[in-house]
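The values are calculated or read from the model by the stated rules, or taken from the named source; none is laboratory data. The structure presented is a predicted model; accordingly, all values stated were derived computationally and were not measured. Reconstructed Cβ throughout: ideal geometry from the backbone, glycine too, with neighbour counts over all protein chains shown. Accessible surface is based on the protein model in full, side chains and every heavy atom, while ligands, DNA and RNA are left aside. Shrake-Rupley method; radii C 1.70, N 1.55, O 1.52, S 1.80 Å.
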Amino acid sequence: MTNYWRHMRYTMKIDQTMRIIGLLADGKFHSGESLGEILGVTRSAVWKSLKKLTDLGIDIHRVQGKGYAIPNGIEVLETDKITSSMTPELQSLINSIDILPTVNSTNAFLLDKIKQGKTGPMVCLAEHQTQGRGRQGRKWVSPFGKNIYLSLSWSFPEGPIALAGLTIVAGVAVTRALQKLGLSNLGIKWPNDIYWAGRKLAGILTEVHLDSVGVCHAVIGVGINVEMSQNSSQEIDQPWADIYQALGHSVQRNQLVGTIISELLMILADYEQQGFAAYHTQWQAYDLLHSRQVILNTLTGVEKGTACGIDENGGLLVKQGDTVNTYRSGEVHLEPTH
């Protein structure tokens, strides 16, 4: 079987999964017969599709004589609803938007497209990730249809030299988007974690691919906790928060995604022209570590000192004695107080 037909079968399976989720998204009961008629498949095929949904962690209720329902419904991601909150100018910048029911990683999906020769700003969204990643190889917990798993690509003809501070700039964009949603008490822990009230709300992971002509393609992955279930939250090994906790009510994920993409596109267009310096001051306003005692785990050992901001390329400045040292990578924590 050719790769083309493998891709077509994969796409058709994804389309059918999303269609049945869309039919059940209203929270009402639908009979297997009516679902089969709409989808053009047998009731047996409907049952198999519903089994796949339960495998993804979606709670499906079945009542004899009434059919199937997703309790309280679910807001699925839809391209039209996402782009409706974006200006036409920003919409025109995007070459493609892929929305997948499940994927290993939205970053990996876009990196594969780039390696196949696709270029220009692309977006990938998934309702669920099987191999979602954070920094230092950590697992990003990814329950279906509850959070945001988003990746956006941008190409830099100047090569890797143009990427200094990119992840930090992306953090500013995501924080601004969350503020537009009504969140306050937000801060950024260098280099890529967004916190609300001292607990992790979102994370950013940037990965790059350098092509044969020296163009650097960056993929910015954004994970945001929107409304975590109790079961999923038990897998998280650090203090966390979600938007539901922060606001006290649910939010429209499609609107949130459109706002995040808009902020990322605007900031990336400026960043390409002006570099990181234009956002240095903005990032400092969100800096959670400034003037605090920190512990930095690096490849060469453990360092301690007082965080005092970032340099012009996004490196963390740490005062140790009478010297201020710059760190480009590492895992930073606040030093416990006694």
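Summary table
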read-out: Full-stretch length increase - LEU210, SER291 - with 0.36 nm per residue and alpha-carbon distance subtracted; value: 25.5 nm
read-out: Pair MET266, ASN185: separation of 7 Å Cα→Cβ label points (nm); value: 2.6
read-out: Accessible surface, 1.4 Å probe, highest first, among residues TRP47, TRP283, TRP240; value: TRP47, TRP240, TRP283
read-out: Candidates ARG176, ARG292, ARG199: whichever shows maximal mean-square fluctuation once the chain is modelled as a Gaussian network with Cα springs under 10 Å; value: ARG292
read-out: Per-pair calculated FRET efficiency, R0 = 30 Å: TRP240 and GLN320 via Cβ, rounded to 0.05; value: 0.45
read-out: Max mean-square fluctuation residue, GNM over the chain, Cα-Cα springs under 10 Å, options SER84, SER44, SER151; value: SER44
read-out: Residue-normalised accessible area of the range 29-131, given per residue in Å² at a 1.4 Å probe; value: 53
read-out: Shape box of the range 236-325 [Cα atoms, principal axes, largest first, Å]; value: 49, 39, 24
read-out: Solvent-accessible area per residue, Å², over the range 187-232 with all protein chains present [probe radius 1.4 Å]; value: 33
read-out: Cα centre as origin, Lys/Arg/Asp/Glu Cβ charges: the chain dipole, Debye; value: 1020
read-out: For ALA164, net neighbour charge (Lys/Arg +1, Asp/Glu -1) across residues whose Cβ lies under 14 Å away; value: -3
read-out: Evaluated over the chain, the Cα radius of gyration and Dmax, each in Å; value: 21.6, 76
read-out: Carbon and sulfur %, accessible surface of the chain computed with the full protein complex present, 1.4 Å; value: 50
read-out: Lysines whose Cα lies under 23 Å from that of LYS200, excluding same-chain neighbours fewer than 8 positions away; value: LYS139, LYS146, LYS180, LYS189, LYS304
read-out: Gaussian network model of the chain, springs between alpha carbon atoms under 10 Å - residue of ILE60, ILE21, ILE161 with greatest fluctuation; value: ILE161
read-out: Distribution of pairwise C-alpha distances over the range 182-338, 5 Å bins, in %; value: 2, 7, 13, 19, 19, 16, 13, 8, 3, 1, 0
read-out: Solvent-accessible area of PHE109 with every protein chain in place, 1.4 Å probe, in Å² to the nearest 10; value: 50
read-out: FRET efficiency, GLU312 to GLN116 (Cβ-Cβ, R0 30 Å, nearest 0.05); value: 0.25
read-out: Label-point gap, in nm, between GLN91 and GLU158 - each point 7 angstrom along Cα→Cβ; value: 3.2
read-out: Signed unit charges on C-beta, dipole axis of the chain, positive-most listed residue LEU178, SER329, GLY248; value: GLY248
read-out: Residues SER84 and GLU331, FRET efficiency given R0 of 25 Å [Cβ-Cβ distance, rounded to 0.05]; value: 0.05
read-out: Which of THR167, ASN147, ASN104, positive extreme of dipole for the range 19-177 (C-beta unit charges); value: ASN104
read-out: Partners for LYS115 among aspartates and glutamates (Cα-Cα distance below 19 Å; same-chain residues under 8 apart left out); value: ASP98, GLU158, GLU207, ASP211
